[in-house]
1. Give just the number: which of (1) at positive phi; (2) surrounded by 14 or more Cβ atoms within 10 Å (Cβ to Cβ) does A:TRP164 not satisfy?
2. What's the number of the condition A:MET1 fails, among (1) touching a Lys or Arg at 6+ places or on another chain (Cβ under 7 Å); (2) modelled with pLDDT under 90?
3. Which of the following residues is in contact with a strand residue (DSSP E or B) (Cβ under 9 Å, 6 or more places away or on another chain) and within 19 Å of A:LEU169 (Cα to Cα): A:ASP87, A:ASP69?
4. A:LEU99 - would you say it is at pLDDT 95 or above, under 30 Å from A:ASP140 (Cα atoms), in contact with a strand residue (DSSP E or B) (Cβ under 9 Å, 6 or more places away or on another chain) and not basic (Lys, Arg)?
5. Considering each of B:VAL148, B:VAL162 in turn, give the residue that is touching a residue at least 60 places away in the same chain (Cβ under 8 Å) and either over 16 Å from A:VAL172 (Cβ atoms) or more than 20 Å from the chain's Cα centre (by Cα) (or both).
6. Evaluate segment B:146-160: report whether one residue or more is assigned by TED's automatic domain parsing to the domain that holds B:VAL60, surrounded by 18 or more Cβ atoms within 10 Å (Cβ to Cβ), under 30 Å from B:SER58 (Cβ atoms) and of a type outside the set (Val, Ile, Thr).
7. Just for segment A:84-123: of the residues that are among the small types (Gly, Ala, Ser) and under 26 Å from A:GLU146 (Cβ atoms), which one is nearest to the chain's Cα centre (by Cα)?
8. Condition test on A:ARG145, is it surrounded by 14 or more Cβ atoms within 10 Å (Cβ to Cβ) and basic (Lys, Arg)?
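The values are calculated or read from the model by the stated rules, or taken from the named source; none is laboratory data. Computed from a prediction, not measured in an experiment: that's the story for all the values here. Here the Cβ positions follow ideal geometry from the backbone for every residue, glycine too, while neighbour counts run over all protein chains shown.
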Amino acid sequence: MARSPRVRWGWPNLLLGLLALALVAAAVVVWTRPASGGTGDADARELSRRQWEVTEAASAEVEAVLGVDHRRMREVVTRVQDGATGDFAEEYAEGVDSLLSATRESRITARAVVRAVALGPVTRTRAEVLVAADARVTRDGSAGREQLRQHRLRLTMVERDGRWLTEQLEFVR
Amino acid sequence: MTRSTDGAPRPGRVRGAGTTVVLVLLCVVAVLATGLGWWWQHGAGRPDDLPTAERAISSVPARDSGGRAAVELAERVLGYDAAGFDDEVRATRALLAPGFRQQYDAQMAGVREQTLAERVRLAVKVRGSAVSSASADRVVALVFLDQVTSSPLTPTRRVDQVRVLVTVTRDGGEWRVSRMDAF
């Protein structure tokens, strides 16, 4: 039987090993370095995620606060309180009774739309947010005539058990 | 595969060939990973295919410097005074991106006559600002500001509460206003 030529694997494997090592290192560098070439891209991605979470929570809270439906105010109040904590939760709770009677008497409905949200100073657990929102207000018997109210709000959001809640809410007037 | 004289594979040679196959596969995978990573960083992976959460902020330093610049520039662009009106407008134009100058010129031309006739002063007071999105060369900031209009010819002042999205773009290291949307 003819013998196969002997192949020495040592050197080729050593070279292949070095090449593989270099390529793996290149892949790691490409995947971990920032797209812009700066040092802040991982921070930027993290900040983007946080901004998105805070924006969602702040928008929902503002729409709940500005939205009014005199026929279903209990639902509105529950929604607001679900996203509130700290000072804002206390202040809102103190005003709930007068809010309920005022909306019952005025027979108001308000549809709120958030127009813009932006993030100010932010840490892992605290963020200041500016929200521009409009409320279109109608009264029963007004033949559908709407009144536009443009609002500027500043919210302080805090992270509690994975949720961003509104700790302070202020109308910027 | 090499075999011993009786036809059975030699364990050492088999290991050597196996190692080669593994290393070649590793090289292929690493090349693919590098290429995919490059595409992700520079190609179709950014920015449009990413969800909003991933792309609102792509540069933290730009967020800080652009956010500050947006506030300072908004004060300059949105305020004016009959005293030295033309000089102020000329100076402010230099703070604008070329594409925004025409719009600014039109606005200033629209208020010039009345401003000079009534010696109007429009002062801007920023009440709050925050950043909506930021990349290395473009930042959008939400600015709450009050525009206080006064004139020696009228006893009252008018205050307009304004919400404005200010877009600044970096041009040769300087942030310039490229868009303003009051709403």
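1. A:TRP164 satisfies every listed condition except (1).
2. Only one criterion is unmet by A:MET1, namely (1).
3. Of the residues listed, the single one that is in contact with a strand residue (DSSP E or B) (Cβ under 9 Å, 6 or more places away or on another chain) and within 19 Å of A:LEU169 (Cα to Cα) is A:ASP87.
4. Values: at pLDDT 95 or above: no; under 30 Å from A:ASP140 (Cα atoms): yes; in contact with a strand residue (DSSP E or B) (Cβ under 9 Å, 6 or more places away or on another chain): yes; not basic (Lys, Arg): yes.
In short, no.
5. Numbers: B:VAL148 fails: touching a residue at least 60 places away in the same chain (Cβ under 8 Å).
Exactly one residue qualifies, and that residue is B:VAL162.
6. Looking through segment B:146-160, none of the residues is assigned by TED's automatic domain parsing to the domain that holds B:VAL60, surrounded by 18 or more Cβ atoms within 10 Å (Cβ to Cβ), under 30 Å from B:SER58 (Cβ atoms) and of a type outside the set (Val, Ile, Thr).
7. So, considering only residues that are among the small types (Gly, Ala, Ser) and under 26 Å from A:GLU146 (Cβ atoms), the one nearest to the chain's Cα centre (by Cα) is A:ALA116.
8. So A:ARG145 does not fit the description; no.
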